[in-house]
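Asks: Got a structure for you, questions after.
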Amino acid sequence: MLNIGDKLPEFSLKGYDNKIYTHFDYGDKYALAIVFTCNSSPISKAYAKRLLNLFEKYEGDNLGIVGINSNDPLQSPEDDFQHMQLVAEKMGLNKLHFLFLQDDNQVAAHTFGAKVNPEVFLFNRKRELVYKGAIDDSWENEAMATAVYLEDAIEEALDGMEIDFPEIPAVGTPIIWKK
C-alpha cells in the first residue's frame, strides 16, 4: 500500500489498444494521475466524463491520466477486456491519448493499495505520491461539487507546490477481487 511520498511503483499492463504500457511510458509528464476505475461501477461511470475533462484541461501542462481496471472479469463481465475496448471507443479515448489499462492479475491494485473504483493516486514530476483518494465531493452531480480535490491537487503538483490536502478518502464501489 502506498503512502504519501512513496515512489511510483513499476507496472506493465495491457491497454485497450492491445499495447503494453509501463510506468516508463509516462516519464515525460510533469504530473501523473493513476485512477483505479471500471466499467461496472455507477460511481466510476459518473466520474468518467469529469476525468476526460481534467485530462483535456491539463494535457497542455503535461499531465498524464491513466485509468486502470482491476475488477475480476469473471465476477464482473462488464469489466472484461472486450467491454473496456468498447467503452474506450465510445468515449473516444484513442483521439485523446487517454489510456485505459487492464490489471488482469490485480497486482497493480494490490501494490498501490487501491480499494474502490474510482480511486486516484497522483504523482509529481519526481514520481512521488502527493495525493490519493477522491476526485471531488459529489459523485452524483458534478454541478453540486463544492470541493474539487483532484483538480486542486493537480494544480498544486504542476506548480511544484505541496498539496494542501494530500489524502481524502475515496468514495466508490469496492474493487471486485478474484476469489
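Just so you know, all these numbers are worked out from the coordinates, no wet-lab data involved. It should be emphasised that the depicted structure is a prediction, and the values quoted were computed from it without experimental measurement. Here the Cβ positions follow ideal geometry from the backbone for every residue, glycine too, while neighbour counts run over all protein chains shown.
Asks: Which of the DSSP-defined H helices in the chain satisfy a minimum axial length of 27 Å, computed from C-alpha atoms, and a minimum mean Kyte-Doolittle hydropathy of 1.0?
Replies: Membrane-span-like by this criterion, though nothing is claimed about a membrane: none.
Asks: Restricting to the range 13-163, what percent of DSSP beta bridges are antiparallel, rounded to 5?
Replies: 55
Asks: Now, a different point. Compute the distance from the alpha-carbon center of the range 113-175 to that of the range 51-71, in whole Å.
Replies: Comparing the Cα centres of the range 113-175 and the range 51-71, I get a distance of 12 Å.
Asks: Expected output is a single nm value to one decimal: the length gained when fully extending between Lys126 and Ala147, i.e. 0.36 nm times separation in residues minus the C-alpha distance. What is it?
Replies: Result for the pair: 4.9 nm of gain on full extension.
Asks: Can I ask one more? Counting only C-alpha contacts under 8 Å and six or more residues apart, can you give the relative contact order of the chain as a whole percent?
Replies: Once divided by the residue count of the chain, the mean separation gives 29 percent.
Asks: Which residues does a label at His110 reach in the range 1-25, if reach means a backbone N under 18 Å from a point 7 Å past the Cα toward the Cβ?
Replies: Once the point is set 7 Å along Cα→Cβ of His110, 1-3, 9-14 turn out to lie under 18 Å by backbone N, inside the range 1-25.
Asks: Read phi for every residue in the range 24-31 and hand back ³J(HN,Hα) as whole Hz from Karplus 6.51 cos²θ - 1.76 cosθ + 1.60, θ = phi - 60°, with x for Gly and Pro.
Replies: Each residue of the range 24-31 in turn: 5, 5, 10, x, 8, 7, 6, 8 Hz.
Asks: In addition: What whole-number volume per residue, in cubic angstrom, does the convex hull of the C-alpha atoms of the chain give?
Replies: 104
Asks: Now for a separate question. If the reach is capped at under 25 angstrom between alpha carbons, list the lysines near Lys132, excluding any in the same chain fewer than eight residues apart.
Replies: Lys7, Lys14, Lys29, Lys45, Lys49, Lys57, Lys115, Lys178
Asks: Once you charge only the Cβ atoms, +1 for Lys and Arg and -1 for Asp and Glu, what is the size of the charge dipole of the range 98-150 about its Cα centre, to the nearest 20 debye?
Replies: So the magnitude is around 380 debye.
Asks: If you don't mind, another one. Per DSSP H run of at least 4 residues, take -39500 (n - 2.57); add these up for the chain, divide by its residues and hand me the 222 nm value, nearest 500 deg cm²/dmol.
Replies: -8000 deg cm²/dmol
Asks: So for the range 49-93, considering every pair of alpha-carbon atoms, how many percent are separated by more than 16 Å?
Replies: 48
Asks: I would also like to ask the following. Determine the shape class of the range 9-89: with a ≥ b ≥ c the square roots of the Cα gyration tensor eigenvalues, call it rounded for a/c under 1.5, and otherwise prolate if a/b is greater than b/c, oblate otherwise.
Replies: The shape class here is oblate.
Asks: To one decimal place, what orientation-averaged projected area in nm² is obtained for the convex hull of the Cα set of the range 37-136?
Replies: Hull-based average projected area comes out at 6.4 nm².
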